[in-house]
Amino acid sequence: MAKTRYRQIEKIEAKENIGSYGAWRRELCGKYRELLVQTRNNSYNTLVKTLAAKGETVACRKGCTYCCFHYVAVPLTHGMAIVDYLYDRKELLKQFISNYEKWRHKGCDISNVIDHTRSHAFSSSMPINDIIAVTRPPAIRYLQMGIPCPFLVNDTCLIYAVRPLPCSGQYSVTPPDWCNPEAGEKAVIYQLVSDDEDLLKILQLADPQLMLYELTLPIMIYKLLTEGASLIMADAGYRLPK
Ligand code: SF4
């Protein structure tokens with residue numbers, strides 16, 4: 001089963017690299033990754049300075065994984081950048097596929113509910129705060145189910161360099177154990193705020209349609225690996241570069 005799945009992924013990867021579409025895809029993913037790292041570093045440095053001015057420091061440490069049990073969604077462009085990263089790291093790709101098979105039994109149904117709710121909210125032009133309000137209850141249910149992200153192996157993120165923005169967007173200044181939902185203490189969390197100019201560079205990189213198409217992280221990555229970005233974009237009505 002795993003071998004058949006892996007052969008299918010190899011076929012899709014070959015298709016994803018063909019001709020001018022393949023060149024466009026690789027260039028987009030490379031630029032996206034570059035901007036992602038730059039944006040993340042800039043906003044992290046700003047946060048550290050802001051905290052230092054208040055006498056606080058980031059408490060998040062390697063090996064602390066409470067964040068990796070939360071529901072995480074990614075836009076298509078970010079998903080493509082992760083898949084491109086996995087194409088160059090086949091051992092990580094295989095590890096993801098094997099973990100995904102376990103994840104989907106517990107995480108797929110609830111994730112589909114959240115994806116459907118968000119997509120419906122987007123298409124009815126709901127204000128962002130209302131979208132957050134309708135997706136919050138199922139996202140809390142997801143956290144309560146205790147499902148580890150399929151990219152989490154030995155308390156380490158397999159795709160740390162290209163992890164989604166929600167994974168690198170929150171930092172605690174209280175002891176890491178306070179992030180445990182069962183801890184009696186309430187963690188103090190700060191959100192990373194990206195510079196408008198940095199964000200604009202990312203948004204201008206690709207068609208906004210590609211950034212608006214969002215799915216649960218594991219579902220997006222599995223879909224991209226087994227179907228290919230070109231097919232998903234065509235289904236979403238996106239005109240592919242010739
Ligand atoms: S992608 Fe990495 S950082 Fe984000 S939830 Fe998964 S394992 Fe954790």
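None of the figures in this text is laboratory data; all of them are computed from the coordinates on show. Here the structure is a predicted model, which means the values were calculated and not measured. Note: ideal-geometry Cβ built from the backbone for every residue, glycine included; neighbour counts use all protein chains shown.
If packing is taken as the average number of other Cβ atoms within 10 Å across a peptide's residues, how do 8-20, 67-79 rank, most packed first?
Ranked from most to least packed, the peptides come out as 67-79, 8-20.
Any idea what angle helix 76-87 forms with the longest principal axis of the chain, computed on alpha-carbon atoms, 0 to 90 degrees, nearest 10?
Here the helix axis deviates by roughly 80 degrees.
So, in Å, what gap is there between the alpha-carbon centers of region 167-229 and region 1-47?
Spelled out, the Cα-based centre of one part sits 17 Å from the other.
Where nothing but the Cβ of Lys and Arg (+1) and of Asp and Glu (-1) is charged, how large is the charge dipole of region 103-242 around its Cα centre, in debye to the nearest 20?
Rounded to the nearest 20 debye, it is 380 debye.
Considering only 200, 85, 178, whose Cα is most displaced toward the positive end of the charge dipole of the chain, charges sitting on Cβ of Lys, Arg (+1) and Asp, Glu (-1)?
Of 200, 85, 178, it is 85.
Residue 58's amide H: which non-local residues (gap 5+, or another chain) put their own amide H closer than 5 Å, with H modeled 1.01 Å from N in plane and none for Pro or chain starts?
For residue 58, whose amide H was placed from the backbone, there are no distant partners under 5 Å.
Just grab the label-to-label distance for residue 108 and residue 27, each label 7 Å out from Cα along the Cβ direction, in nm (one decimal).
Rounded to a tenth, the inter-label distance reads 3.7 nm.
Evaluate the distance, in nm, between pseudo-label points positioned 7 Å from the Cα of residue 207 and of residue 239 along their respective Cα→Cβ axes.
Between residue 207 and residue 239, the label points sit 0.8 nm apart.
Would you mind checking which residues have amide H under 5 Å from residue 170's amide H? H placed 1.01 Å from N; only 5 or more apart, or other chain.
192
How much FRET efficiency would the formula 1/(1 + (r/R0)^6) give for residue 56 and residue 180, where r is the Cβ-Cβ distance and R0 is 22 Å, rounded to 0.05?
0.60
Find out how many positive minus negative residues lie around residue 34, taking Lys and Arg as positive, Asp and Glu as negative, among other residues whose Cβ is under 13 Å from that of residue 34.
Overall, the nearby charge balance is +2.
Quick one: which of 31/106; 201/223; 106/223 span more than 23 angstrom between C-alpha atoms?
Correct reply: 31/106; 201/223.
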